[in-house]
Amino acid sequence: GGGGSVPGAKITLTRWLSAKVQDFPELRDMESLHLSIQMACKTISNLIHSSSGIAPATTSDDTNNPRDNSMKRLDHISKTILQNALRFTGRLRVVEAPRNENSDEEGPASHQPGVTIAYALDQYGSGKEGRKISGVDDKWGRARRLAACFDPLDGSGNADAAICTGTVFGVFDADAGFKGGESPDLTSEASLARAVLQPGNKLLAAGYCLYSSTTILVFSLGGGTHGFTLDPTINEFVLTHPNMKIPKRGNIYSCNEAYSESWDENFKRYLKTIKTGTGQTGQRYTQRYIGSMVGDVHRTLTYGGIFCYPSDNVVHPKGNLQLVYKSAPMAYILEHAGGKSSNGQIGLLSVTPKTVHERSPCFMGSPDDMDELMSYIDRNAEN
Ligand code: P6P
């Protein structure tokens with residue numbers, strides 16, 4: 001209801017999930033997965049926001065790269081918190097995706113975040129065409145085994161400067177990741193990493209938790225996109241943003257212009273129009289870039305506009321954001337809030353990854369801004 005919140009009238013995430021399961025028992029396992037994610041996000045949030053959480057107790061004294069130090073320490077702690085919370089359900093096995101040491105295309109292995117993958121071996125869904133489940137993706141009813149991938153703390157290099165960071169997750173039907181009929185044992189890391197090599201349009205759910213001036217957990221189960229804010233007085237996530245919708249158009253563009261000299265000419269032509277007020281709206285846009293993807297995308301969802309990490313011909317031939325556990329889950333969340341996304345040629349959620357750390361150029365945001373942007377990008381130039 002409107003007006004001041006009467007104590008106890010808050011819809012917590014715990015109650016929201018249990019209400020869903022009362023209607024649809026098929027979702028009981030989605031509930032246990034989300035409760036463990038919620039638990040981990042509360043713990044990570046309290047760690048980051050507590051005075052001791054970010055004391056620079058780094059794992060190495062490599063002082064000439066303080067960013068890297070904080071990345072190692074916080075990445076490790078938040079990954080451990082998340083993995084323990086997932087194991088705590090007693091229904092999920094947790095492994096870390098193999099880091100492909102050799103391929104230099106993904107950057108040095110030390111900079112690859114450990115991608116945690118949780119999977120369920122237990123019989124989850126019905127394994128066949130489930131009944132229609134309102135408010136969530138129908139696939140939840142028939143997924144026999146789930147495979148969830150996590151970026152435990154995106155942007156952790158910013159943490160020592162008290163800049164926002166975030167946890168990102170995506171949930172797939174594990175068996176949908178394999179050729180028809182093949183149903184592997186899913187116990188080896190390699191076979192499990194394959195379970196999440198699916199395009200974003202196969203996701204059953206995706207979400208992020210933004211650790212910033214408030215801690216907000218935003219996710220979609222294939223129905224709407226909902227935001228729950230952590231209320232420190234009760235240490236519960238409370239529904240504050242039901243059924244979020246991204247503004248059809250914004251006036252903010254978000255990208256790292258340090259690399260703009262070597263961007264695609266058509267993309268630069270588009271940027272010039274919104275910088276000079278000669279685009280469709282005749283408005284000048286402003287630039288906002290935190291360098292922490294979860295913060296930049298959450299601002300885009302809230303205020304509208306676009307967030308991009310295009311390829312450049314110098315440092316990032318395929319952009320700097322990994323598809324499986326960064327840009328595809330974020331694009332899924334925006335699209336379920338009415339947004340659009342692309343890799344510069346096709347919808348970002350249509351891109352099928354070949355390796356778990358693979359990067360992809362990405363453009364996402366308000367539908368009208370994305371339509372205008374895509375009308376400039378020459379689909380052939382973005383390789
Ligand atoms: P750049 C943080 O390291 C991250 O993975 C995202 O959170 C962020 O959007 C991006 O990299 C920043 O990359 O090249 O602009 O520093």
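The values are calculated or read from the model by the stated rules, or taken from the named source; none is laboratory data. Since we're looking at a predicted model, the values are computed, not measured. Cβ sites come from the backbone with ideal geometry, for glycine too, and all protein chains shown count toward neighbours.
Points to keep in mind about this one:
- Among the residues of the stretch 182-197, just one is modelled with pLDDT of 85 or more and among the β-branched types (Val, Ile, Thr), namely Val196.
Let's see how each residue does on (1) within 16 Å of the ligand (Cβ to nearest atom); (2) at negative phi; (3) modelled with pLDDT under 80; (4) surrounded by fewer than 24 Cβ atoms within 10 Å (Cβ to Cβ):
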| position | (1), (2), (3), (4) |
| --- | --- |
| Arg142 | no, yes, yes, yes |
| Ala148 | no, yes, no, no |
| Val171 | no, yes, no, no |
| Pro199 | no, yes, no, yes |
| Leu203 | no, yes, no, no |
| Tyr208 | yes, yes, no, no |
| Ser212 | yes, yes, no, yes |
| Thr229 | no, yes, no, yes |
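- Screening the stretch 191-201 for residues that are in contact (Cβ under 8 Å) with a residue 40 or more places away in the chain and not β-branched (Val, Ile, Thr) and picking the one that is nearest to Ala174 (Cα to Cα) gives Ala195.
- Test: residue in the stretch 245-258 that is part of a loop (DSSP other than H, G, I, E, B), small (Gly, Ala, Ser) and surrounded by 16 or more Cβ atoms within 10 Å (Cβ to Cβ): yes
- So Tyr285, is it among the aromatic types (Phe, Trp, Tyr), more than 13 Å from the ligand (Cβ to nearest atom) and crowded, with 24+ Cβ neighbours inside 10 Å: no
- Test for Thr14: is it modelled with pLDDT of 90 or more, part of a helix (DSSP H, G or I) and closer than 16 Å to Thr165 by Cα: no
- Of all the listed residues (Thr229, Thr233, Thr278), the sole one being of a type in the set (S, T, N, Q) and in a strand (DSSP E or B) is Thr229.
- Residue selected from the stretch 127-140 under the condition touching an Asp or Glu at 6+ places or on another chain (Cβ under 7 Å) and more than 15 Å from Leu203 (Cα to Cα), by the criterion nearest to the ligand (Cβ to nearest atom): Ile133
- Pick from the stretch 292-322, criterion assigned to a loop (DSSP other than H, G, I, E, B) and loosely packed, with under 14 Cβ neighbours inside 10 Å, ranking: nearest to the ligand (Cβ to nearest atom): Val315
- Which numbered condition Ala176 fails, given (1) within 23 Å of Cys308 (Cα to Cα); (2) small (Gly, Ala, Ser); (3) part of a helix (DSSP H, G or I): (1)
- Verdict on Lys245 being away from the ligand (no atom under 16 Å from the Cβ) and within 19 Å of the chain's Cα centre (by Cα): yes
- Index of the failed condition, Asn266 passing every other in (1) under 23 Å from Ile306 (Cβ atoms); (2) more than 16 Å from the ligand (Cβ to nearest atom); (3) touching a Gly at 6+ places or on another chain (Cβ under 7 Å): (3)
- Test: Cys164 is farther than 30 Å from Tyr270 by Cβ, within 17 Å of the chain's Cα centre (by Cα) and either within 16 Å of the ligand (Cβ to nearest atom) or not hydrophobic (A, V, I, L, M, F, W, C) (or both): no
- Residues in the stretch 323-359 that are among the hydroxyl-bearing types (Ser, Thr, Tyr) and buried (at least 22 other Cβ atoms within 10 Å of the Cβ): Tyr325, Ser327, Tyr332, Ser341, Ser342.
- Yes/no for Thr58 being among the hydroxyl-bearing types (Ser, Thr, Tyr) and either at pLDDT below 75 or assigned to a loop (DSSP other than H, G, I, E, B) (or both): yes
- Ile274 buried (at least 23 other Cβ atoms within 10 Å of the Cβ), within 20 Å of Glu372 (Cα to Cα) and away from the ligand (no atom under 15 Å from the Cβ): yes
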